[in-house]
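Report on one structure; see the data block that follows.
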Amino acid sequence: MAEIRHFSSEEISCVTRTFGHAEKLAGSYFRLTSAGWKDHQYDVKTLSHLEKHEVNEQAFAQLCKYCTNKSIGDSEERCFYRICLQDNRILDAVERGSSFIKLIPLMLYIATHELVHIFRFNTGESDFEAPLEEKVKEEEKVHVVTKNILQPVADREINLVLDCFDDRYHIGDIFN
């Protein structure tokens, strides 16, 4: 049985910086104020910190939704999202595409994609609990928005990642 690979401390640092960049790009696209992401609660966990149900062998990342019970005086349930990175799948993709797919542009795509989902779920543009057919359509919409967000900063490496995802969405594969 093959060993499951995890991000190194250097790669985790790269992931952290990449999510910060993605947050700025998506925030600008959605016209969020500097504190705007506070209304869109999320955290990011890597494979070594995931619960069993948060692991997904078919995706680079899986988005999980967690809600707290209403407290006395709270008018509504509070929810947040966990972006569950699948280190092994991401590292395998980088290794397989070593001549052209690099970790930073792939992570920038993944981070931006997941932040778009979170924004769309929180604003009611999409339903986290939608049936599979709607989720497939949502993935295609999120890919287009992600591509629009990244286009202004796209260089050769980001364009290679975008091209790979264009091909995948064209044939209907789902990436969470």
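Number of residues in segment 134-176 that are modelled with pLDDT of 95 or more and hydroxyl-bearing (Ser, Thr, Tyr): the value is 1. Comparison of 40, 21 shows that the only residue that is within 17 Å of the chain's Cα centre (by Cα), in contact (Cβ under 8 Å) with a residue 12 or more places away in the chain and surrounded by 17 or more Cβ atoms within 10 Å (Cβ to Cβ) is 40. Pairing each residue of segment 116-129 that is touching a residue at least 24 places away in the same chain (Cβ under 8 Å) with any residue that is small (Gly, Ala, Ser) and in a helix (DSSP H, G or I), provided the two are 6+ apart or on different chains, yields C-beta distances under 7 Å for 116/26; 119/26. The residue that is modelled with the lowest pLDDT, among those in segment 82-132 that are under 24 Å from residue 13 (Cβ atoms) and of a type in the set (D, E, K, R), is 96. Residues in segment 1-48 that are of a type in the set (A, V, I, L, M, F, W, C) and farther than 14 Å from residue 85 by Cα: 9 in all. Can you find even one residue in segment 27-50 that is touching an Asp or Glu at 6+ places or on another chain (Cβ under 6 Å) and polar (S, T, N, Q)? Yes.
When restricted to residues that are in contact with a Gly (Cβ under 9 Å, 6 or more places away or on another chain) and crowded, with 19+ Cβ neighbours inside 10 Å, segment 140-160 contains 0.
Scanning segment 35-60 for residues that are within 24 Å of residue 152 (Cα to Cα) and in contact with a helix residue (DSSP H, G or I) (Cβ under 8 Å, 6 or more places away or on another chain) returns 36, 37, 40, 60.
The values are calculated or read from the model by the stated rules, or taken from the named source; none is laboratory data. Only a predicted model underlies this, so the values are computations on that prediction, with no experimental measurement involved. Methodologically, a virtual Cβ is constructed for each residue, glycine included, from the backbone with ideal geometry; neighbour enumeration extends over all protein chains shown.
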